[in-house]
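**Q** Before we start, here is the structure in question, set down as structure tokens.
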Amino acid sequence: MIQADQLNRILNIMNVYDTAVIHGRFQILHNDHLKYLLAGKAMCRHLVVGITNPDPVLTNSVDSDPSRSQVLSNPLTYFERLVMTREVLLEAGLALEDMTITPLPITRPELFKYYVPMDALFVLSIYDGWGRQKLEQFKTLGLETHVLWEVAPEEKGISAQDIRELMLKGQNWAHLVPEASARLLKKWRIPDRLRQMHQESSQTG
């Protein structure tokens, strides 16, 4: 895991940006999410983390990935994801002044300017059609972008969906997430919440 002193050395040798915007739903912030966030931080002095799908009103369905807006895919509130993201990054060695965490209605690009600095570098990773769609969306807005990596879906690695399924089945999942994530997910009883949501969905379905 990259720690703050290593990031500082990277910053000293790279042509870094003052501010970068990175985003994710983080509906279980896992180890690969942390790798992604730290890769974004290595490119800037201040990282703005946009948490997408902050609430149902600001979430539109996406044809290329319709499951993203489903209830069972979104067990955590925006506030819980903000706390989890902050605590994971602090545990990784970042300071509060290194980051800002904000909602980002990723399916409503006309609202971006109200949430994030539009003159920042917009950083993303691409695994599928939705990732490519977001990149084109950023470019259409005239934003400066950087793709950290682009890999096929089968090479993605850890998936939050897989972790949610492990929780539903009562199987081990904590080794797939940072310690701060595991601590908060257990405190908030997210596996129990998911099972309750699944039961309610089955009854209404």
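**Q** Of the conditions (1) among the charged types (D, E, K, R); (2) modelled with pLDDT under 95; (3) surrounded by 17 or more Cβ atoms within 10 Å (Cβ to Cβ), Asp55 clears all except one; give me its number.
**A** Tallying (1) among the charged types (D, E, K, R); (2) modelled with pLDDT under 95; (3) surrounded by 17 or more Cβ atoms within 10 Å (Cβ to Cβ), Asp55 fails exactly one: (3).
**Q** Might you check whether a residue that is in contact (Cβ under 8 Å) with a residue 40 or more places away in the chain, touching a strand residue (DSSP E or B) at 6+ places or on another chain (Cβ under 6 Å), surrounded by 15 or more Cβ atoms within 10 Å (Cβ to Cβ) and hydrophobic (A, V, I, L, M, F, W, C) occurs anywhere in the stretch 68-87?
**A** No: the stretch 68-87 contains no residue that is in contact (Cβ under 8 Å) with a residue 40 or more places away in the chain, touching a strand residue (DSSP E or B) at 6+ places or on another chain (Cβ under 6 Å), surrounded by 15 or more Cβ atoms within 10 Å (Cβ to Cβ) and hydrophobic (A, V, I, L, M, F, W, C).
**Q** Pick from Leu29, Leu72: which is closer than 23 Å to Arg189 by Cα and either hydroxyl-bearing (Ser, Thr, Tyr) or at pLDDT 95 or above (or both)?
**A** Leu29
**Q** Looking only at the stretch 132-168, filter to residues that are assigned to a loop (DSSP other than H, G, I, E, B) and over 18 Å from the mean Cα position of the chain (by Cα); which one of those is surrounded by the fewest Cβ atoms within 10 Å (Cβ to Cβ)?
**A** Per the criteria, the residue is Gly142.
**Q** Scan the stretch 169-205 residue by residue and report those that are part of a helix (DSSP H, G or I), modelled with pLDDT of 95 or more, closer than 14 Å to Pro75 by Cβ and of a type in the set (A, V, I, L, M, F, W, C).
**A** Across the stretch 169-205, the qualifying residues are Leu184, Leu185, Ile190, Leu194.
**Q** Mind listing whichever residues of the stretch 18-57 are of a type in the set (D, E, K, R) and over 16 Å from Met99 (Cα atoms)?
**A** Passing the criteria: Arg25, Asp32, Asp55.
**Q** If we scan the stretch 118-131, do we find a residue that is among the aromatic types (Phe, Trp, Tyr), in contact with a His (Cβ under 8 Å, 6 or more places away or on another chain) and either modelled with pLDDT of 95 or more or surrounded by 15 or more Cβ atoms within 10 Å (Cβ to Cβ) (or both)?
**A** Looking for residues that are among the aromatic types (Phe, Trp, Tyr), in contact with a His (Cβ under 8 Å, 6 or more places away or on another chain) and either modelled with pLDDT of 95 or more or surrounded by 15 or more Cβ atoms within 10 Å (Cβ to Cβ) (or both), one finds at least one in the stretch 118-131, hence yes.
**Q** Return the residue satisfying two criteria in turn: it lies in the stretch 135-158 and is free of Cβ contacts under 8 Å to residues at least 60 places away in the same chain and among the small types (Gly, Ala, Ser), and of such residues it is nearest to Phe112 (Cα to Cα).
**A** Per the stated criteria, the residue is Gly142.
The values are calculated or read from the model by the stated rules, or taken from the named source; none is laboratory data. The model shown is predicted, which means the values in this text are computed figures rather than measured ones. Note: ideal-geometry Cβ built from the backbone for every residue, glycine included; neighbour counts use all protein chains shown.
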